[in-house]
Amino acid sequence: AVVAVICLLISVKLLVAVFGCIGEKATSKGEYIISSGAQGEVRVALDAIRSLADRMAHEVHGVRDARVKVIAKRGRDADALSLNLSLVVGREVDIAKLSAALVADIQQQLEHIMSLSDVPVNIVVSDVSDEAPAKKHRVV
């Protein structure tokens, strides 16, 4: 009788684990549908969104380094998109003003270029540094 109860509990736990994962799945790879209609779909690679946000963050005065992660959650009813930025900033900047301006700029560009509105942009300042920003060498 004890073995049967243990087997029942294990099977219930496995069922919950299997069916609990069906609702939402988050990914940072792949594509995001920005438009869907009778003529077809328009998709944007999540790497393209990440690259745009990364370039915008590096252009802001006071940002020494930026790491961007794009998260697309695929749910039953709709898809959701969010951006997580990890920044290294200089001591000369006001972090609150910098992050508010950066969030507004990224959201404006996502709206203008990709027609994506109300995308949450989460910013974490991972370090405050005195070092000069790292110059990336471009090969042309």
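Quick notes on this structure:
- Counting only strands (runs of 3 or more DSSP E) that sit wholly inside the range 40-123, those with at least 3 residues that are open to solvent by 60 Å² or more (accessible area, probe 1.4 Å) and modelled with pLDDT under 95 are 40-45, 63-74.
- Hits in the range 1-36 - residues which are modelled with pLDDT of 70 or more and outside any helix (DSSP H, G or I): Ala1, Gly30, Glu31, Tyr32, Ile33, Ile34, Ser35, Ser36
- In the condition set (1) within 26 Å of Ala100 (Cα to Cα); (2) loosely packed, with under 14 Cβ neighbours inside 10 Å, Ile34 is compliant with all but (2).
The values are calculated or read from the model by the stated rules, or taken from the named source; none is laboratory data. These figures come from a predicted structure and were not determined experimentally. Neighbour counts are summed over all protein chains in view; Cβ atoms, including those assigned to glycine, are modelled from backbone coordinates with ideal geometry. Only protein heavy atoms, including side chains, enter the accessible area calculation; ligands, DNA and RNA are left aside. Shrake-Rupley method; radii C 1.70, N 1.55, O 1.52, S 1.80 Å.
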